[in-house]
1. Write out the trypsin sites (Lys or Arg not before Pro) in the stretch 113-145 meeting two conditions: DSSP loop, and at most 13 other Cβ atoms within 10 Å of their Cβ.
2. Under 19 Å from the Cα of LYS139, which aspartates and glutamates turn up, not counting those fewer than eight places away in the same chain?
3. Which net charge results when you count Lys and Arg as +1 and Asp and Glu as -1 among the other residues whose beta-carbon is under 15 Å from that of VAL164?
4. Name the residues whose placed amide hydrogens come within less than 5 Å of the amide hydrogen of GLY66, ignoring near sequence neighbours (fewer than 5 apart) on the same chain.
5. Do any chymotrypsin sites (Phe, Trp or Tyr not before Pro) in the stretch 160-191 lie in a DSSP loop with no more than 14 other beta carbon atoms within 10 Å, and if so, which?
6. Got a sec to turn the phi values of the stretch 233-243 into Karplus ³J(HN,Hα) couplings, 6.51 cos²θ - 1.76 cosθ + 1.60 with θ = phi - 60°, whole Hz, x for Gly and Pro?
7. Please compute the net charge surrounding PRO266, taking Lys and Arg as +1 and Asp and Glu as -1 over other residues with Cβ under 9 Å from its Cβ.
8. What pairs in LYS16/LYS208; LYS163/LYS271; LYS213/LYS271; LYS11/LYS208 have C-alpha atoms more than 25 Å from each other?
Amino acid sequence: MKTIMTQPLCKEGYEKFAQAGEIWVANSGNPTEYLEELSTADALVIRIGHLNAQELEQTPNLKVIGRSGIGFDSVDVAAATARGIPVVIAPHCNADSVAEHTLALMLGLASNLVECHNEALRGNFEIRNCGHQFELLDKAVGIVGFGDIGNRVGRLCAAFGMKVMAYDPYLSEQQIAERGAQPCPTLEHLLKAADIVTLHIPLLPETKGLIGKAQLAQMKPSAILVNCARGGIVDEDALIEALNNDIIAGAGIDTPVEEPTRLGNPLLAAKHLIFSPTAPPRQKRPRSAPPPCAPTAVWLFCRVSSGPVWQIRRFTVTPNGAEKQIRINKIMCRRAPAIHLPQDFLHSQVDIQGCSTFFLTSTVAGYPRKKPSDGGTGAVLCGGHPLCRTGYA
């Protein structure tokens with residue numbers, strides 16, 4: 001088995017692949033720079049990078065594509081589906097990191113931290129009187145997208161004494177209220193009412209450019225925007241104009257359109273901006289934590305022999321005992337067997353009753369987080385195999 005990684009993964013994930021076969025780390029998200037290596041690869045794990053239809057054509061041996069995050073907009077899923085190549089993602093794997101980083105950007109903007117730091121190093125201690133700072137207490141935060149990450153951000157903001165509002169067209173007002181937020185009937189309502197707007201939605205055709213010139217103009221002049229979701233959700237030209245003309249008070253951007261962002265990008269010169277290089281996913285993992293679920297699913301796919309494919313909607317893991325048992329609550333194809341995996345299942349042959357190839361999928365984003373004792377989460381099959389009946393599990 002030959003695995004290509006666009007960038008190195010965490011130690012645990014890397015070691016699992018190393019035991020299975022050859023690993024080649026590209027240190028680049030641009031496949032055109034290593035097409036010769038890709039032509040002999042069995043698996044591709046993408047952290048920061050892309051794979052389009054033309055590049056996919058150069059991978060005759062590719063069996064699976066993994067994303068070490070939840071987004072899959074950087075992969076041409078339709079082209080992969082046509083080739084029968086599954087694309088697996090890792091829901092929940094970095095949800096806490098993203099939520100915490102969102103709060104870090106809010107706090108940095110609220111305290112005018114970057115400007116104060118830079119000016120204080122120059123000896124300008126009068127910067128503390130600039131009047132740009134404000135407290136988060138009693139401020140209204142508007143969360144666009146109240147799924148898994150948005151919900152976690154809401155809980156953190158509530159702990160700071162903020163008023164939490166949320167807009168999510170896929171949730172009812174009752175569902176939003178049950179998760180502790182004031183529901184907003186429309187995006188416009190949220191933009192006009194919030195002191196801080198934070199985005200936690202995927203980049204889809206319907207969300208591309210969702211925050212543009214008109215939406216920024218609806219925000220309060222004292223409001224700030226935080227984007228730790230996807231760069232294309234925000235019209236960057238409109239954001240630059242809004243920042244430089246004081247239409248809004250500031251922005252925290254972790255996910256730019258251009259990644260990596262070149263030094264001459266006008267966004268980097270905008271006023272009242274805190275910019276980070278898609279930082280949250282790279283965190284230290286506790287020694288007891290399970291390996292990342294996307295690498296796990298990729299490894300399993302390449303380890304087992306070819307056979308029928310089962311798509312599992314939900315599962316639970318029994319953490320105690322000699323075996324970890326996964327029970328299927330809902331299955332997409334045929335009957336639902338019980339799956340028994342040895343405790344250290346990545347080192348063992350997988351024994352599945354009547355099924356030799358499978359995908360572990362977590363619950364739908366936005367469900368309450370499992371307790372640590374409930375075990376880990378799995379990866380989602382978001383298309384790529386003829387037996388997959390839905391484009392996104």
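1. Passing both the DSSP loop test and the Cβ count: ARG122.
2. The qualifying aspartates and glutamates are GLU100, GLU188, ASP195.
3. On the way: positive: LYS139, ARG152, ARG155, LYS163, ARG179; negative: ASP138, ASP168, GLU173, GLU178, ASP195.
Here the charged neighbours net out to 0.
4. LEU44, VAL45, ILE46, VAL88
5. Sites meeting the loop and neighbour criteria: TYR170.
6. Listing the rounded values in order: 5, 9, 6, 5, 4, 5, 5, 4, 4, 5, 5 Hz.
7. Values: positive: none; negative: GLU236, ASP237.
Here the count lands on -2.
8. Numbers: LYS16/LYS208 36 Å; LYS163/LYS271 27 Å; LYS213/LYS271 17 Å; LYS11/LYS208 34 Å.
Table pairs above 25 Å Cα-Cα are LYS16/LYS208; LYS163/LYS271; LYS11/LYS208.
Quick note: the coordinates plus some simple rules give every number you see, no bench work behind them. Everything numeric in this text was worked out from a predicted model, so none of it was measured. Glycine also receives a Cβ, built like all others from the backbone with ideal geometry; neighbour counts cover every protein chain displayed.
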